[in-house]
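Here's the structure, in structure tokens; my notes come after.
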Amino acid sequence: MKKGLAIFAFLLVLGAWSPTFAYVLWGYKWASPNITYECDMHGDYTTQCNNGKTEWSNWTDVNLSYSSNPGITTTAGNYGNVSWSGLCSVGSSSGSTVYRMDISINTYYTDSYSSQKRKGVITHELGHALGLSHENRLGPGGSVMYDNDGRTVYSPTQDDINGVNAIY
Amino acid sequence: MVKRIKRNAYTLMMTALGLLLVGGIYFSFVAPKEVEVGVSLDKQYSSVDEMKQEAQLIVEGTASTKQQGIRYQNMLFTVTDFHINKTIKGHADKKTIRILETGGFDGKNYLTVEGNKIMDKNQSYVLFLQKYQGSVTNQDAYVIIGAYQGKFAVDGNDISPAHKVAPAIAKLETKQALIKDIQDQ
């Protein structure tokens, strides 16, 4: 009887346990946590790109350093009303290892955003470039990887940091 | 007799292994794959009504075989000619309109947005559209509301909403239910 109760209690605790992470990995990673980048932008875009880069670099196990021949390139241009404000595409890869990631920021939308919201878009795309996918389970305030510009956090959250550290 | 069976079995086994190897190499290194691009959407639509309010044009029709890839500032876009069978909202000047989508076939892989490929040739769709405003193409074109959210593949009476849409949109299974949703609100 006691043994049965103990097993029941154990299963109850096990069932109630939920993982402390929510991050979703994209399936890509860099060969090394030392990754080069360039913010090939202008004005406040460059400032916010560097702010986003610094946060990922300081808060996670990756080290982002400037290069004129970078792994991650971030540019800004007007793509029109295509419904996305930022986009990250794999420029070069072999299997799941990436060698180049291209980030495009769509100024059609972001020109009217506040600096903070603009930084959120760039930081989100940098998260993709480091290997994170979208994370909506925590809601708009739980992850910078929330899939749309309704996010209310503009810096990597602990969950985002855990996600990147799980990769590198 | 036994020798001959053994020899045949050996040849058969080696042929099967060879085919497996060639197939493995093809699917691993040669065959086109779906490659996701990571986007930040400007907006997630929560309902058909919300998309309807922002759509200038809602149509049912068929994607033609005419598709044109456009490389613009590092990113691939595709323009597809779309034949309108029925207009549900708004007015189109022509029976065939151009739809601009992000992604497409880059010669090696299919670039997708949230797992959504561009429209399939000869496939029927209901589309929620806005006039395209931008420089990717200088032709008259429309874009789909929410990149892919306003795109429903039609197969007879069945519809398939896009991947990664709001629950109220994802649950729609029939064309009648979609049309009712559009007309009710």
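The values are calculated or read from the model by the stated rules, or taken from the named source; none is laboratory data. Treat the numbers as computed from the prediction; the structure is a model and nothing was measured. Neighbour counts are summed over all protein chains in view; Cβ atoms, including those assigned to glycine, are modelled from backbone coordinates with ideal geometry. Surface accessibility is based on the protein's heavy atoms, side chains included, excluding ligands, DNA and RNA. Shrake-Rupley method; radii C 1.70, N 1.55, O 1.52, S 1.80 Å.
Checking the structure you have, find out if any residue of the stretch A:80-98 is of a type in the set (Phe, Trp, Tyr), at pLDDT 95 or above and in contact with a Leu (Cβ under 8 Å, 6 or more places away or on another chain). Yes, because at least one residue in the stretch A:80-98 is of a type in the set (Phe, Trp, Tyr), at pLDDT 95 or above and in contact with a Leu (Cβ under 8 Å, 6 or more places away or on another chain). Give me the residue from the stretch B:155-177 that is surrounded by fewer than 19 Cβ atoms within 10 Å (Cβ to Cβ) and in contact with a Ser or Thr (Cβ under 7 Å, 6 or more places away or on another chain) and, out of that set, farthest from the other protein chains (Cβ to nearest Cβ). The qualifying residue farthest from the other protein chains (Cβ to nearest Cβ) is B:ASN157.
The set of residues from the stretch B:168-185 being touching a residue at least 12 places away in the same chain (Cβ under 8 Å), under 22 Å from B:LYS117 (Cβ atoms) and either in a loop (DSSP other than H, G, I, E, B) or in contact with a Lys or Arg (Cβ under 9 Å, 6 or more places away or on another chain) (or both) comprises B:LEU172, B:GLU173.
Taking the stretch B:77-105 as the range and being of a type outside the set (Ser, Thr, Tyr), surrounded by fewer than 21 Cβ atoms within 10 Å (Cβ to Cβ) and within 17 Å of B:LYS117 (Cα to Cα) as the test, the residues that pass are B:ASP81, B:ARG98, B:PHE105. Considering the stretch A:80-168, the qualifying helices (runs of 4 or more DSSP H), each wholly inside and each with 2 or more residues that are among the polar types (S, T, N, Q) and surrounded by fewer than 16 Cβ atoms within 10 Å (Cβ to Cβ), run over A:115-130, A:158-167.
Quick grid of which residues meet (1) touching a residue at least 40 places away in the same chain (Cβ under 8 Å); (2) out of contact with any Leu (no Cβ under 9 Å at 6 or more places or on another chain):
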{"residue": "B:HIS83", "(1), (2)": "no, yes"}
{"residue": "B:ALA92", "(1), (2)": "no, no"}
{"residue": "B:LEU100", "(1), (2)": "yes, yes"}
{"residue": "B:ASN109", "(1), (2)": "yes, yes"}
{"residue": "B:GLN130", "(1), (2)": "yes, no"}
{"residue": "B:ALA166", "(1), (2)": "yes, yes"}
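How about the stretch B:40-63: which of its residues are open to solvent by 10 Å² or more (accessible area, probe 1.4 Å), of a type in the set (Gly, Ala, Ser) and more than 13 Å from every other protein chain (Cβ to nearest Cβ)? Selection gives B:SER47 alone. Count of the stretch A:107-121 residues, restricted to those that are over 16 Å from A:GLY150 (Cβ atoms) and either within 10 Å of chain B (Cβ to nearest Cβ) or charged (D, E, K, R) (or both), is 2.
Selection of first residues in the stretch A:24-44 that are closer than 24 Å to A:GLU135 by Cα and of second residues that are open to solvent by less than 50 Å² (accessible area, probe 1.4 Å) and of a type in the set (Asp, Glu), restricted to Cβ pairs under 6 Å at least 6 apart or on distinct chains, gives the following pairs, ordered by first then second residue: A:VAL24/A:GLU135.
If you filter the stretch B:130-140 down to residues that are within 11 Å of chain A (Cβ to nearest Cβ) and not polar (S, T, N, Q), you find that the one that is surrounded by the most Cβ atoms within 10 Å (Cβ to Cβ) is B:VAL136. When you scan the stretch B:23-39, do you find a residue that is away from chain A (no Cβ under 13 Å), in contact with a strand residue (DSSP E or B) (Cβ under 6 Å, 6 or more places away or on another chain) and of a type in the set (D, E, K, R), even just one? No, the stretch B:23-39 contains no residue that is away from chain A (no Cβ under 13 Å), in contact with a strand residue (DSSP E or B) (Cβ under 6 Å, 6 or more places away or on another chain) and of a type in the set (D, E, K, R).
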